[in-house]
1. For the chain, give me every one of the helices (runs of 4 or more DSSP H) that falls completely inside it and has 1 or more residues that are under 14 Å from the mean Cα position of the chain (by Cα) and touching a residue at least 60 places away in the same chain (Cβ under 8 Å).
2. Of everything in the range 33-57, what is closer than 21 Å to Ile110 by Cβ and either among the small types (Gly, Ala, Ser) or touching a Leu at 6+ places or on another chain (Cβ under 8 Å) (or both)? Give them in sequence order.
3. Mind listing whichever residues of the range 33-54 are surrounded by 15 or more Cβ atoms within 10 Å (Cβ to Cβ) and among the hydroxyl-bearing types (Ser, Thr, Tyr)?
4. Could you check Thr30 against (1) among the β-branched types (Val, Ile, Thr); (2) surrounded by fewer than 16 Cβ atoms within 10 Å (Cβ to Cβ); (3) closer than 16 Å to Val107 by Cβ and say which number it fails?
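Where a number appears in this text, it was derived from the coordinates with a stated rule and is not lab data. Given the structure is predicted, the values throughout are model-derived calculations rather than measurements. Here Cβ is always computed from backbone atoms with ideal geometry, including for glycine, and neighbour counts include all displayed protein chains.
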Amino acid sequence: MEEEIPRKPYVVSDEFEESRQRIFEYSIDTFGAVQAERYIQKIRAALDTLPDRYTYYPPCRHIPTKSHKYRNIILGSHLIIYRITAVRIEVLDIVHGAMSVSRIRAVRRIRID
């Protein structure tokens, strides 16, 4: 029998919002407005799963910890990286999967007030 995980709210960082906006603008220029909006909707839908399913996504292999508190949602060519805390889920950033490992690891320094 599967163990019930406690529901937790999520919050997003300013860096995540800025990255999402850059992705949207790039997508409009590259794929058009309809596709850009569809991708943003996929991002929203993925975030909406977090309160109940935050432990279902894999640990972020670029930011290894014993507690697996850093995890990521793989969405197309992007990774939505989040941190599990005692009281909430902190969505840190959305990065392209081809970014350097050091750039991805830098996400752990993001703080949310």
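1. Details: elements: 14-31, 33-48, 50-53, 101-105.
In the chain, the matching helices (runs of 4 or more DSSP H) lie at 14-31.
2. Ile43, Ala46
3. Let us first name the residues in the range 33-54 that are surrounded by 15 or more Cβ atoms within 10 Å (Cβ to Cβ), namely 36, 39-40, 43, 46-47, 50-51, 54.
Answer for the range 33-54, where residues must be surrounded by 15 or more Cβ atoms within 10 Å (Cβ to Cβ) and among the hydroxyl-bearing types (Ser, Thr, Tyr): Tyr39, Tyr54.
4. (3)
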